[in-house]
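Report on the structure given below.
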Amino acid sequence: MHAGGIDRDNEAAWDLLIGDLNNGDCIPFLGAGASAERLPLGGQLATKWANKINYPYADSDNLARVMQYATTMVYRDATRTKREFLRAEFANATPPDRTDQFPVHAVLARYPLPLYITTNYDDFMFLALQQARKQPIWDLCPWYAMSSDDWTGSPFREPAFTPCVERPLVFHLHGHHQEPHSIVLIEDDYLDFLVRLAQDGRHTSASSAAPRGGHPMTLLPFPVRTALRTKALLFIGYGLRDWTFHVMFRTLLHGLPGTMRREHTSIQLNPDDHSAEERQYLERYFQAQSIRILWETPRSLNDKLAAGLRGTP
């Protein structure tokens, strides 16, 4: 397809995406790149901690492996490692404000959406929703828990709770900085998380036992899993080479019949990191997974999301 055709195709894809967002038929799925203006990326953190703990191997840009070494050889306890990591990296983290050049959280918060999902530990999406005069609630995936009593803060323990535009839910798949044991950080965490998520998907049903008359207490509450399987997903801040992203996406949507599959979108904010040939390969590969790749800069992403807002001040 010549360049003009590609441009028109991308414009049509953006029109469809903006329509889904304005209709509340889309779930933003936020990765580390969405918070890059305020927090360092995984590779940067890995290099910093590798130097701090004298990591002896060549893959010092792999945060999960560096922190696995820190747990084994330095802190000797996973929760202790996570507590030290969060204290060092998140205690003084400054949330986005009007000085940010590309306030993606603030723009997304203005759309009429009941659910936001993130694999980040930060509160940036939650705070943006508060600034948008909504009443957000956060919850986390209790992948680490032996029973539902290990995580008592879920709003789904209340039978009447349903996320809505005025009271949206920010769901943390990889944990929250206020619960150190909940964060997916070391290599063992990623393996345990993915195994338990796959098991949860096979055994979850709407009739699962629910504590105190509320929604079923599973890794993914039934309303969240239903939304993931019925709405379009918008991935922002994920690298296409990220193995965890591949496995997680397939696990979440495993077993959906073709007639129920939605077209999802992944925004790539680093187009210059990929050659034309690699971009063509990645686009074709992810197209087979029902994921459209859109190559944007942080500036163009922010501008297009802001321009698409309908009926908001």
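Numbers at a glance
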item: Shape of the range 43-92, Cα gyration tensor, a/c cut at 1.5; result: oblate
item: Cα-based convex hull volume of the chain per residue, rounded to whole Å³; result: 143 Å³
item: GNM flexibility winner over the chain from S154, S182, S300 (Cα, springs under 10 Å); result: S300
item: Among G43, G24, G239, residue whose mean-square fluctuation peaks in a GNM of the chain (springs only between Cα atoms under 10 Å); result: G43
item: Residue-count net charge about V66 - beta-carbon cut-off 14 Å; Lys, Arg +1, Asp, Glu -1; result: -3
item: Cross-link partners of K82 among lysines (Cα-Cα below 17 Å; sequence separation of 8 or more within a chain); result: K48, K52
item: Separation in nanometres of the label points that stand 7 Å from Cα toward Cβ, at Y281 and N10; result: 2.1 nm
item: Residue order, fewest to most beta carbons within 10 Å, for Y121, Y144, Y190; result: Y190, Y144, Y121
item: Exposure proxy order (Cβ contacts within 10 Å, fewest to most) of E296, E11; result: E11, E296
item: Net charge of Cβ neighbours under 12 Å - reference G153; Lys, Arg +1; Asp, Glu -1; result: -4
item: Net lengthening on full extension, R241/R196 (0.36 nm per residue, minus Cα-Cα); result: 14.0 nm
item: Exposure proxy ranking, count of Cβ atoms within 10 Å, fewest first, for H105, H174, H181; result: H181, H174, H105
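Throughout, read-outs are computed from the coordinates displayed, never taken from laboratory work. For clarity, every value in this text was computed on a predicted model and none was experimentally measured. So basically every Cβ, Gly included, is an ideal-geometry build from the backbone, and we count neighbours across all protein chains shown.
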